Amino acid sequence: MDASVIVVGAGPAGLMLAGELRLAGVDVLVLERLAEPTGESRGIGFTIRTMELFDQRGLLPRFGDIETGTAGHFGGLPLDLTVLAAAHGAARTVPQSRTEAVLDSWARQLGADIRRGQEVVAVTEDTDGVSVSVRGTERALRARYVVGCDGGRSTVRTLAGFDFPGTPATTELFLADLRGVDLPPKMTADPSAGGLVMVAHLPDGITRVIAAERGTPPTRRTAPPDFSEVAGVFKRLTDTDISGAEPVWVSAFTDAARQVSRYRRGRVLLAGDAAHIHLPAGGQGMNTSVQDSVNLGWKLAAVARGTAPETLLDTYHEERHPVGRRLLANTRAQSLLILGGEDVTPVREVLTELLDHTEVAHHLAGRVSGLDIRYDVGGGRHPLLGARLPQLTLRNGELDTTSTQLLRTGRGLLLDLTDNPTLRRRAHGWTDRVDIVTAVPRDIPGDSPLTTTAAALVRPDGHVAWAAPGSHHDLPTALERWFGPAR
């Protein structure tokens, strides 16, 4: 074997997965078709959930100063994210190229082998592993598992025989990053406006414009559009001439929405855009891709190390496929609101009224931020089961720490909040994979479920797998399900 895992694609999903695997001590080889990063940035920020995950791995300081905000939108209708009472705001104007650079550096520091200029042309699975052929080389590379993180036109998805059902594109949208233009930030998606116009200010004096004329059918393109096309659409929609600006990057995308039926076929798995594509409404695509990798990484590492059975990998599809399905549903709904004509005006008016209700605003904010994700971890009445553990301040002996800091090792975490020696003895057989921490919670709001929590088992991705009182299963059963048999 050349590596336990081969990851195809060095975008955010592939690099995050490589880092997660190395954090767990598994050797990983990343193959990227491009010889150098393009510097282009489709994504320009993080949702609140991705901010939490980057904080969980200690990555936020690597980004430098991050501008955060509490304003979001659903199909162009404003959302106030403060209703979520989250520990972080949503990150704004962080170019995807910066995210990739940070994750690349982190993965390499952890020991990931990242090879550029490596175009995968064949993927062949057998009983012992997977062979991956790279253009221009004679010997195939071997790994126990292969993960396709190679984008919406995934080669791995095609070669491994994954289906990709969904809805075809109906509209083409243009994107251009410009220098030398002075435009105020804006978003116009009103049905009477003739189409969509967005303007955002990025670092280094870059202005991003996105424009789409309603009813414009997609074009089969083999190359990026000419900037004159973008300037023409922008002029017709806004009566503003941007043709004199310097285009740094020009691209086009569509509202196609597709998702593979299964995220795993034997020893080949998919993550990120290789598994799901959609209109990038609210920047959810890159964020969901990173979250796919955080869910998969620790599971794949445990199976590759031999500490957990292969059935643990099935929970990756079981947990993330519904998340992807809901993502496509909310982005398709937003597509109708943004790109629909006068016939969607009544829907926009009704939604505007509903958003005045806190419960509705909370629900939609939870959807676009990723904070509403909850997995089926085995049942029980505890309100935190399956949800991500809220950031918790703890007194551990004489020291103060947080639950976020305790998860930075990438290991499981058993929080004993009532100093229960019996509980700790029952978990002793898993101390090679799970940290057992006795601590006293501090500054918990009176309405928090943590006020009545005696203990919680937290997975490496931050989700609560067991809690007392309230879980249907006992602690050893939960430990074995998520971390394999005791030593």
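The values are calculated or read from the model by the stated rules, or taken from the named source; none is laboratory data. Everything quoted here is computed from the prediction, not taken from an experiment. Don't worry about glycine lacking a Cβ; one is built from the backbone with ideal geometry, like all the others, and counts go over all protein chains shown.
Data overview
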| read-out | value |
| --- | --- |
| Residue match in the range 56-63 (condition: outside any helix (DSSP H, G or I) and touching an Asp or Glu at 6+ places or on another chain (Cβ under 7 Å)) | no |
| Residues (closer than 15 Å to THR82 by Cβ, surrounded by 19 or more Cβ atoms within 10 Å (Cβ to Cβ) and among the β-branched types (Val, Ile, Thr)) located in the range 347-387 | VAL368 |
| Test set (1) loosely packed, with under 14 Cβ neighbours inside 10 Å; (2) part of a loop (DSSP other than H, G, I, E, B) - PRO460 fails condition number | (1) |
| ALA302 vs. criteria within 30 Å of ARG487 (Cα to Cα), surrounded by 13 or more Cβ atoms within 10 Å (Cβ to Cβ) and out of contact with any Ser or Thr (no Cβ under 6 Å at 6 or more places or on another chain) | yes |
| Among (1) at pLDDT 90 or above; (2) outside any loop (DSSP other than H, G, I, E, B); (3) not charged (D, E, K, R) - the single one ILE242 does not satisfy | (2) |
| Residue in the range 272-286 that is part of a strand (DSSP E or B) and not acidic (Asp, Glu) present | yes |
| Verdict on VAL83 being among the β-branched types (Val, Ile, Thr), part of a loop (DSSP other than H, G, I, E, B) and in contact (Cβ under 8 Å) with a residue 40 or more places away in the chain | no |
| Odd one out for ARG325 among (1) within 16 Å of the chain's Cα centre (by Cα); (2) more than 30 Å from GLU480 (Cα to Cα); (3) loosely packed, with under 14 Cβ neighbours inside 10 Å | (2) |
| Test: residue in the range 376-397 that is free of Cβ contacts under 8 Å to residues at least 60 places away in the same chain, aliphatic (A, V, I, L, M) and in a strand (DSSP E or B) | yes |
| Hey, ALA465 in contact (Cβ under 8 Å) with a residue 24 or more places away in the chain, assigned to a helix (DSSP H, G or I) and not assigned by TED's automatic domain parsing to the domain that holds VAL294 or not | no |
| Those residues of the range 223-239 which are assigned to a helix (DSSP H, G or I) and either in contact (Cβ under 8 Å) with a residue 24 or more places away in the chain or touching a Ser or Thr at 6+ places or on another chain (Cβ under 6 Å) (or both), in sequence order | PHE227, GLU229, VAL230, ALA231, VAL233, PHE234, ARG236, LEU237, THR238 |
| The range 147-203: number of residues that are among the hydroxyl-bearing types (Ser, Thr, Tyr) and in a loop (DSSP other than H, G, I, E, B) | 3 |
